[in-house]
Amino acid sequence: MTDTPKPVGPYTPIMRVGDVLLTSGQVGIADGALVDGGLEGQLTQALANLRSVLESEGASLGDVVKTTVFLVDMDDYAAMNAIYCEAFGDHRPARSAVAVAALPLGARVEIEAIAHTG
């Protein structure tokens, strides 16, 4: 299990509302800094961070019902899809992908999720 990253702002990484878990956006940070490797390295780490945050509440990526992926460059969409599909396997939560002007810490990608554990 990956250590759950500390928030980079005044927020809670995950909130439980009954059987529903809502995560804050996860970027590709480890040890307080963005990982190397561009989109691939950052998304791989962001997904590991998401997995860790979910595990802290007894859930997994298999419990995710909706994700939102924020990209600073929509040209990264195909590469994001490949990494995303590898992480989620055959599980296909509902998803939105949104282009944004910038992300915290200069990240290229951020992912948030809603999970249902009931």
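A short reminder: the numbers here are calculations on the coordinates, not readings from a lab. Remember, predicted model here, so these are calculated numbers, not experimental data. Cβ sites come from the backbone with ideal geometry, for glycine too, and all protein chains shown count toward neighbours.
Some values worked out for this structure:
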{"read-out": "Neighbourhood charge, 9 Å Cβ-Cβ cut-off, centred on LEU39 and excluding it, Lys, Arg +1 and Asp, Glu -1", "value": "-2"}
{"read-out": "Net charge dipole size for the chain [Lys, Arg +1 and Asp, Glu -1 on Cβ; Debye, nearest 20]", "value": "300 debye"}
{"read-out": "Net charge over other residues, Cβ less than 11 angstrom from the Cβ of VAL100 (K, R count +1; D, E count -1)", "value": "-1"}
{"read-out": "Rounded to whole Hz, the Karplus (6.51, -1.76, 1.60) HN-Hα couplings of the range 107-112, x for glycine and proline", "value": "4, 8, 8, 9, 9, 10"}
{"read-out": "Kirkwood estimate for the chain, i.e. one over the average of 1/r between Cα atoms, Å", "value": "14.1 Å"}
{"read-out": "Helix-only CD estimate at 222 nm, as mean residue ellipticity for the chain, using -39500 (n - 2.57) per DSSP H run (n ≥ 4)", "value": "-8500 deg cm²/dmol"}
{"read-out": "Peptides 47-53, 78-84 ordered by average Cβ neighbours within 10 Å, highest first", "value": "47-53, 78-84"}
{"read-out": "Per-residue ³J(HN,Hα) for the range 28-43, Karplus 6.51 cos²θ - 1.76 cosθ + 1.60, θ = phi - 60°, Hz, x for Gly and Pro", "value": "x, 9, 9, 6, x, 9, 4, 7, 6, x, x, 4, 4, x, 5, 5"}
{"read-out": "The chain: antiparallel DSSP beta bridges as a percent of all, rounded to 5", "value": "75 percent"}
